[in-house]
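A quick write-up on the structure given underneath.
What follows is calculated from the coordinates using simple rules that are stated; it is not laboratory data. Note that this is a predicted model, so its numbers are computed, not measured.
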Amino acid sequence: MLKHLNNVMNVLQEIQKDAVKKKVPAIEPGLTVRVHQRIKEGEKERVQIFEGLVIKTNSGFGADKTFTVRRVIGGIGVEKIFPLHSTNIEKIEVKKKSKIRRAKLYYMRSRSGKSARLKESFISDKEVEESIEELAEQKAEEEVKEAVTQATEDGVVTEAEKQEVEKIEEKIEEKEEKAEEAKTEEKEEAPKEDKKEE
């Protein structure tokens, strides 16, 4: 029974991999985004733009991944949940990045006016493209790794494939080290900025 369930899960994951878009910007809470959504009205089709703050991203796998965008229209808060890899989404533009310390920005729901403002910085198109390329590289690396792990399970692996996996692992380790260094620097800078505000 467990084997059958595992097989079903593997098939589902493979189907979801096919539905995943290759080039999508890294969406995280605190970003101000413009979502270009394709809407059908009878026989006509138009693109609706929804601009707002990303308050949440869910931890779904592959095509299940969604993100919640919030904006205030006429004093009323409107939230929309978008599937990240939906075919109805033409493109996602990242406009600004806010300085936040939480993974879920639910506290924004109870704020209005000046208290709802966050420390923001504009993001250039070049930075967005770089982040998209990085994500695409990571996905490609993961695919190669998975293919090799499957080959090792089946018992068919060449030396070239082993070397490729080793290189990918080294790259991942380097990226993780850089990310950790960046996090420690941010933590060190945060108390200094708090003191300045006081």
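Among the listed pairs LYS104/LYS175; LYS21/LYS183; LYS40/LYS91, those whose Cα-Cα separation exceeds 23 Å are LYS104/LYS175; LYS21/LYS183.
For the stretch 15-97, the equivalent ellipsoid derived from the Cα gyration tensor has semi-axes of 20, 18, 11 Å, listed largest first.
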